[in-house]
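Let me begin by presenting the structure, written as C-alpha cells, before commenting on it.
The values are calculated or read from the model by the stated rules, or taken from the named source; none is laboratory data. Predicted model only: the values in this text are computed from it and were never measured. Virtual Cβ from ideal backbone geometry, glycine too; neighbours counted across all protein chains shown.
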Amino acid sequence: MPFSSTSLPSGAETEPRDPRRAMWRGWRLTCPNCGTGPMMGRYLEVRQSCPVCGEALHHHRADDGPAWATIMIAGHLMAPLMLFVFETFRPAAWVMAIGFSAVFTVLSLFLLPRLKGVFVGFQWAKRMHGFGGPRRPLDDSAGDPY
C-alpha cells in the first residue's frame, strides 16, 4: 500500500517545530510545546501530558540516551579537571577519590533530568515516536530481503 498525500494531516499538525527551542525548553524541564508546564512529574518521570497546554508527552522514547550523554559530558569535564588538580596540588589519593566521586555524582544528578528533557524536546520537535507526525503505513512492496 503506497503512501498517499491524502493521509497527511493538515494545519497545525504539519507546521515545522523549532528543535532548538524545544530542546532548550526540555533543558529547562518544561513542556516542549508551551514552555511553561512542567515536563517531569518526579525526578526522571516524564508526565503523561502537559498540565498547562495538554500536549501528550507519553510518546517519548528517551531510554538510555540521556544516561549515555550524561556520562559522556561529565566524564569529559571531570577527566581534565582531575589531571589539573593532581598535577597542580598533588592531593592524597583518598582525597581525590572522595572529592571527585562527590563532584561526579552531583554533576550527574544535575545533568540527567535536563538531558532527558533535551531528548524528549528533540523527539517532540521532529515528531518522532507519535509526537504528532503523520503515520505512514508500512510498504511491503519494497522488497526488503530481511
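Counting just the residues of region 31-48 that are touching a residue at least 40 places away in the same chain (Cβ under 8 Å) and assigned to a strand (DSSP E or B), which one comes out surrounded by the most Cβ atoms within 10 Å (Cβ to Cβ)? Among those residues, the one meeting the criterion is VAL46. Scanning region 70-103 for residues that are free of Cβ contacts under 8 Å to residues at least 40 places away in the same chain and of a type in the set (S, T, N, Q) yields THR88, SER101. Taking every residue in region 8-26 that is surrounded by 11 or more Cβ atoms within 10 Å (Cβ to Cβ) and pairing it with any residue that is part of a loop (DSSP other than H, G, I, E, B) and modelled with pLDDT under 95, at least 6 positions away or on another chain, the pairs with Cβ-Cβ distances below 6 Å are LEU8/PRO134; PRO9/PRO134; GLU13/GLY132. None of PRO113, PRO51, PRO80, PRO66 is part of a loop (DSSP other than H, G, I, E, B) and either out of contact with any Gly (no Cβ under 6 Å at 6 or more places or on another chain) or surrounded by fewer than 16 Cβ atoms within 10 Å (Cβ to Cβ) (or both) except PRO51.
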